[in-house]
Amino acid sequence: MKNLLKSRFIRWLIYIFAALVLFIILIDDVIMPWYVSEPETTVPNVIGMKETEAVNLLQDSSFDPIIIDTTFGETYPAGTIFLQKPKAGEVVKEGRNIYLFVSGGEQVVEVPKLIGKSVLDAKFSLERIGLILGKVTRLTSDKPQDMIFDQQYAEGTELKKGMKVNITVSAGKGGGTISVPNLIGKSLTEALEILSDSSLTLGKINYQPSLTLLPNTIIDQYPSSGNKLNPGQTVDLFVTKSEDGSDKE
């Protein structure tokens, strides 16, 4: 019985060894020569081409173009190739996959509705989508005081990120008599004293983290300096705080 088992084991070893030898011969004499004999060609340059033109050129050159991703940017117009892998000029096998990255052009966003909002709400609405609050003009009107009643661009207008949007805010039916002081760069304590001396009051405080300025430094205000208010009206402030959330000076 032991001899029988031993004999079977040896036969299996022989079979495995023979199969391994045949596999090596197959790779060395068939697969490798076939792969090496495949014709090679140079990858053409499709950077800057429109997507359809790049795909057609690569297919005509015996490559297999594959669109990988679309990325927004200012360097290349929308719909053109801004990156290819392998790069142009590389010598590769015919039929190789060429991966293409398409430019989405400059990213645009739609202007939100600002009419009816406060300046603070408008500022946040614009910043959330990458736009910036521009010039704030206060005019007397029959609209509620401090309400936006006109905006530079209509709701739904497409703008590039980073652009400014000017607004017009109601100053109420009567113009103010007090010129709003410039509080930017002052500490919160100083700003409160200046407002009190000007017969104005503190409105909303919006804290924003800063790595460069001391906590409780005024970085923006609404209304901006030079606007006219009546005694007792409020001024909203944008104030720095430390990265850990502390507002201690």
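The values are calculated or read from the model by the stated rules, or taken from the named source; none is laboratory data. Owing to the predicted nature of the structure, the values given are computational and were not obtained by experimental measurement. Using ideal geometry, Cβ is built from the backbone for each residue, glycine included, and neighbour counts are taken over all protein chains shown.
In the range 179-193, how many are of a type in the set (A, V, I, L, M) and over 20 Å from Thr212 (Cβ atoms)? Can you show your working first?
First, the residues of the range 179-193 that are of a type in the set (A, V, I, L, M): 180, 183-184, 188, 191-192.
Next cut, over 20 Å from Thr212 (Cβ atoms) only: 180, 192.
Residues meeting the conditions: 2.
Please go through the range 93-113 and give me each residue that is surrounded by fewer than 16 Cβ atoms within 10 Å (Cβ to Cβ) and either at pLDDT 90 or above or in contact with a helix residue (DSSP H, G or I) (Cβ under 6 Å, 6 or more places away or on another chain) (or both), ordered by number.
Matches in the range 93-113: Asn97, Tyr99, Glu110, Lys113.
Can you tell me which residue among Lys160, Lys117, Lys87 is under 20 Å from Tyr222 (Cβ atoms) and either in contact with a strand residue (DSSP E or B) (Cβ under 7 Å, 6 or more places away or on another chain) or at pLDDT 90 or above (or both)?
Numbers: Lys160 fails: under 20 Å from Tyr222 (Cβ atoms); Lys87 fails: under 20 Å from Tyr222 (Cβ atoms).
When all the criteria are applied, what remains is Lys117.
Name the residue that is surrounded by the fewest Cβ atoms within 10 Å (Cβ to Cβ), counting only residues in the range 150-169 that are assigned to a loop (DSSP other than H, G, I, E, B) and under 16 Å from the mean Cα position of the chain (by Cα).
Filtering the range 150-169 for residues assigned to a loop (DSSP other than H, G, I, E, B) gives 152-157, 161-163.
Adding the requirement that they be under 16 Å from the mean Cα position of the chain (by Cα) leaves 161-163.
Working: Lys161: 13, Gly162: 11, Met163: 16.
Among those residues, the one meeting the criterion is Gly162.
Tell me, yes or no, whether the range 128-143 has at least one residue that is in a helix (DSSP H, G or I), of a type outside the set (Gly, Ala, Ser) and surrounded by fewer than 16 Cβ atoms within 10 Å (Cβ to Cβ).
We begin by selecting, within the range 128-143, every residue in a helix (DSSP H, G or I); these are 128.
If we keep only those that are of a type outside the set (Gly, Ala, Ser) as well, we get 128.
From what is left, the residues that are surrounded by fewer than 16 Cβ atoms within 10 Å (Cβ to Cβ) are 128.
Checked the range 128-143: at least one residue is in a helix (DSSP H, G or I), of a type outside the set (Gly, Ala, Ser) and surrounded by fewer than 16 Cβ atoms within 10 Å (Cβ to Cβ).
Consider Glu51 against the criteria (1) without any contact (Cβ under 8 Å) to a residue 40 or more places away in the chain; (2) within 25 Å of Lys161 (Cα to Cα); (3) of a type in the set (Asp, Glu): it satisfies all of them except one. Which criterion is unmet?
Here Glu51 meets the rest and fails (1).
Show the residue pairs that are 6+ apart or on different chains and have beta-carbon atoms under 8 Å apart, the first residue being within the range 154-165 and at positive phi, the second being not aliphatic (A, V, I, L, M).
Qualifying pairs under 8 Å: Gly156/Glu110; Gly162/Gly130.
Let's see how each residue does on (1) in a helix (DSSP H, G or I); (2) modelled with pLDDT of 60 or more:
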position: Leu5; (1), (2): yes, no
position: Arg11; (1), (2): yes, yes
position: Leu20; (1), (2): yes, yes
position: Ile24; (1), (2): yes, yes
position: Ile27; (1), (2): yes, yes
position: Pro44; (1), (2): no, yes
position: Glu53; (1), (2): yes, yes
position: Asn56; (1), (2): yes, yes
position: Ser62; (1), (2): no, yes
